[in-house]
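K.L.:
The structure is given below, and queries will be raised subsequently.
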Amino acid sequence: MRWIVPLLLAMAPAQSALAQPTDRISYVLFENGDGSSMMSGSSDDFRLAKKYRSGHSPLLYVRDGAAAYVIRDPALLRRAEEIMRPQQEMGERQGEIGREQGELGRKQAEIGEQQARLGAQMADSTPRQMAALSVQQNQLGRVQSELGSQQAALGHRQAALGREQQRLAELARPKFRELIDEAIRRGLAQRVD
């Protein structure tokens with residue numbers, strides 16, 4: 001199952017004291033067939049959305065304050081997916097960087113283990129052995145430092161993507177609000193609370 005969790009509408013703006021209740025929408029969008037979903041909300045929201053879903057059919061569950069709705073209209077679901085697509089794509093890019101960070105972390109752990117083994121050998125070594133082990137330890141230290149630099153660079157990229165994710169969320173918020181209001185107004189949102 002592919003999970004994409006854009007922080008679309010549950011993120012409070014920086015001036016949360018000024019934010020209106022309409023900014024605090026939680027949602028779960030189940031796409032058709034492949035098991036992927038996008039959400040911004042709690043695990044309770046996900047559990048409830050799953051309860052209202054029939055098989056693998058697409059569904060949009062929305063909690064707007066105390067009111068909860070389910071939307072099944074295909075046209076509205078396609079629009080919701082289109083509104084969220086830029087964030088979904090950004091989430092996928094962030095996931096790729098996360099995988100790269102994980103691989104670097106694995107390599108760093110391996111080198112750390114090698115350094116620990118060398119350290120243990122150094123404790124019981126002769127001065128001549130100590131010199132050779134020190135050279136190896138220094139080489140591993142340089143590799144570890146390079147991996148750390150790569151991790152830092154990935155961290156900077158991840159932060160930039162996070163800022164872009166926030167910008168996309170701000171752009172999507174009014175479009176998503178309009179979609180929900182339209183669904184309610186047209187009777188295409190079934191109230192479930």
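K.L.:
Any residue that is over 30 Å from A67 (Cβ atoms) and either part of a helix (DSSP H, G or I) or out of contact with any Asp or Glu (no Cβ under 7 Å at 6 or more places or on another chain) (or both) - is there at least one of those in the range 163-180?
P.N.:
yes
K.L.:
A further question on this structure: Could you please tell me which pairs satisfy a Cβ distance under 7 Å, a separation of 6+ or placement on different chains, a first residue in the range 71-82 that is in contact (Cβ under 8 Å) with a residue 24 or more places away in the chain and closer than 16 Å to S36 by Cα, and a second residue that is assigned to a helix (DSSP H, G or I) and not charged (D, E, K, R)?
P.N.:
Once the first residue is in contact (Cβ under 8 Å) with a residue 24 or more places away in the chain and closer than 16 Å to S36 by Cα and sits in the range 71-82, its partners that are assigned to a helix (DSSP H, G or I) and not charged (D, E, K, R) give A80/L179.
K.L.:
Give the residue, chosen from V70, V62, that is closer than 30 Å to Q158 by Cα, β-branched (V, I, T) and part of a strand (DSSP E or B).
P.N.:
So the residue among V70, V62 that is closer than 30 Å to Q158 by Cα, β-branched (V, I, T) and part of a strand (DSSP E or B) is V62.
K.L.:
The conditions are (1) surrounded by fewer than 12 Cβ atoms within 10 Å (Cβ to Cβ); (2) over 17 Å from the mean Cα position of the chain (by Cα), and G102 fails exactly one of them. Which is it?
P.N.:
(2)
K.L.:
Given E103, E110, which one is in a helix (DSSP H, G or I), farther than 30 Å from R163 by Cα and modelled with pLDDT of 95 or more?
P.N.:
So the residue among E103, E110 that is in a helix (DSSP H, G or I), farther than 30 Å from R163 by Cα and modelled with pLDDT of 95 or more is E110.
K.L.:
If you go through the range 77-87 one residue at a time, do you hit one that is touching a Leu at 6+ places or on another chain (Cβ under 9 Å), under 29 Å from L147 (Cα atoms) and of a type in the set (A, V, I, L, M, F, W, C)?
P.N.:
No, that holds for no residue.
K.L.:
Do you know which residues across the range 113-156 are at pLDDT 95 or above and charged (D, E, K, R)?
P.N.:
E113, R142, E146 - these are the residues of the range 113-156 that are at pLDDT 95 or above and charged (D, E, K, R).
K.L.:
Just wondering, is there one or more residues in the range 36-47 that are without any contact (Cβ under 8 Å) to a residue 24 or more places away in the chain, in a helix (DSSP H, G or I) and surrounded by 13 or more Cβ atoms within 10 Å (Cβ to Cβ)?
P.N.:
There is at least one residue in the range 36-47 that is without any contact (Cβ under 8 Å) to a residue 24 or more places away in the chain, in a helix (DSSP H, G or I) and surrounded by 13 or more Cβ atoms within 10 Å (Cβ to Cβ).
The values are calculated or read from the model by the stated rules, or taken from the named source; none is laboratory data. What you see is a predicted model; the values in this text were computed from it and never measured. When we count neighbours, we look across all protein chains shown, and the Cβ atoms used for this are built from the backbone with ideal geometry, even at glycine.
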